[in-house]
1. Which of (1) open to solvent by 20 Å² or more (accessible area, probe 1.4 Å); (2) away from the ligand (no atom under 11 Å from the Cβ); (3) over 18 Å from V173 (Cβ atoms) is the odd one out, the single condition A61 does not satisfy?
2. Which condition does M284 not pass, out of (1) open to solvent by 60 Å² or more (accessible area, probe 1.4 Å); (2) free of Cβ contacts under 8 Å to residues at least 60 places away in the same chain; (3) more than 12 Å from the ligand (Cβ to nearest atom), if it passes all the others?
3. Checking the conditions here, which among A259, A207, A216 is surrounded by fewer than 18 Cβ atoms within 10 Å (Cβ to Cβ) and not assigned by TED's automatic domain parsing to the domain that holds S8?
4. Could you please find all residues in region 251-281 being touching a residue at least 40 places away in the same chain (Cβ under 8 Å) and at positive phi?
5. Being surrounded by fewer than 20 Cβ atoms within 10 Å (Cβ to Cβ), of a type in the set (D, E) and touching a helix residue (DSSP H, G or I) at 6+ places or on another chain (Cβ under 6 Å) is true for just one of D46, D74, D66. Which residue is that?
6. Examine region 167-179 for a residue that is within 11 Å of the ligand (Cβ to nearest atom), closer than 27 Å to A35 by Cβ and buried (at least 21 other Cβ atoms within 10 Å of the Cβ), and state whether such a residue exists.
7. Which residues, taken from region 97-124, are open to solvent by 40 Å² or more (accessible area, probe 1.4 Å) and of a type in the set (A, V, I, L, M, F, W, C)?
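The values are calculated or read from the model by the stated rules, or taken from the named source; none is laboratory data. Values in this document were obtained by computation on a predicted structure and should not be read as measured data. Here the Cβ positions follow ideal geometry from the backbone for every residue, glycine too, while neighbour counts run over all protein chains shown. When the accessible area is computed, the model is the full protein with side chains, heavy atoms only, and any ligands, DNA or RNA have been set aside. Shrake-Rupley method; radii C 1.70, N 1.55, O 1.52, S 1.80 Å.
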Amino acid sequence: MLTETTISTFAPGRGAVITGGASGIGLATARQLAAFGMRICIADRDRATLGKAQQELTGVARNGADDVLAVETDVSSPDDLERLGEQAFGRFGDIALLMNNAAAFRGGDALSDPEGWRRILDVNVSGVLNGVQSIGRAMVERGKPGFIVNTGSKQGITTPPGNTAYNVSKAAVKALTEGLAHTLRNLPGCQISAHLLIPGFTYTGDAAKRIPVKPAAAWSAEQVAERLVQGLERNEFYILCQDNETTRDQDERRILWAAGDLVENRPALSRWHPDYKDAFDAFMRMPRPAAK
Ligand SMILES: NC(=O)c1ccc[n+]([C@@H]2O[C@H](COP(=O)([O-])OP(=O)(O)OC[C@H]3O[C@@H](n4cnc5c(N)ncnc54)[C@H](O)[C@@H]3O)[C@@H](O)[C@H]2O)c1
């Protein structure tokens, strides 16, 4: 829960820019920051949901419509991101949070749907880079404290079979955000830090199109937004989220197993290879040494 003392970087009156902010995790984060008194710019390419979200946030924000800006944006366009930055800085003067969160989901395996691949890389990878290089750079130049949060996915870490295009895009977001964090912390006097938000299964616009009622296994978008605030408060770089079917311990083991493929020279994605099923199951059950 965000309060006046939770995170000094967040303060009523400061601005936040959230891409993909018309729905799901982006909108839940916007709601939380607006209720706290921050001024919110949501950017989304879906005009209808953008208008609805703007109305909703106006009802929550301390100063109503003055504190809410909604900009139709396609994050894959560098020009759109430049324009978004101009509008957000123009209205608020000061941005404490850039959340590069918009994403496309349609993809496929390595041999399918070249058009889907292009789109997913344009939105999920170039879209994040465009945000970092326009609004992120402007935040750095202005010299005030702030956060750049890029939304990744566990699929970018353990890369399960199926939607390889999405996995590749989210693995790129992870590498980009790690590099950004290093660059920022080595810039003299820079008060901007980078963070990777890693949601688990979350019931949002994308899932809601396919599943009418929230499955028990999923977290709500609000839970992810709460976890994001908690992660920023603790200065975590990897803000790893759980959901209602996967514990932190299970996530850690899956991540360790995936890294072990390379170290142990196992076949790629051995977690889903029938010859490694028993070994993986045993690894998931193995007692772990107590943390130091
Ligand atoms: N929902 C999950 O289970 C889950 C899990 C892991 C990661 N994520 C990530 O969380 C982030 C938010 O997704 P969500 O689950 O809230 O989904 P969502 O569909 O509710 O929200 C995504 C938003 O992005 C917008 N968008 C798509 N393409 C865009 C573009 N080119 N330009 C601007 N806006 C665009 C959509 O219109 C939509 O409003 C994404 O980065 C997604 O990859 C979600």
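1. Of (1) open to solvent by 20 Å² or more (accessible area, probe 1.4 Å); (2) away from the ligand (no atom under 11 Å from the Cβ); (3) over 18 Å from V173 (Cβ atoms), only one is false for A61: (1).
2. (1)
3. Unique residue meeting the criteria: A259.
4. Answer for region 251-281, where residues must be touching a residue at least 40 places away in the same chain (Cβ under 8 Å) and at positive phi: just L269.
5. None of the other options fit; the residue is D74.
6. Within region 167-179, not a single residue is within 11 Å of the ligand (Cβ to nearest atom), closer than 27 Å to A35 by Cβ and buried (at least 21 other Cβ atoms within 10 Å of the Cβ).
7. F105, A110, L111, W117, L121 - these are the residues of region 97-124 that are open to solvent by 40 Å² or more (accessible area, probe 1.4 Å) and of a type in the set (A, V, I, L, M, F, W, C).
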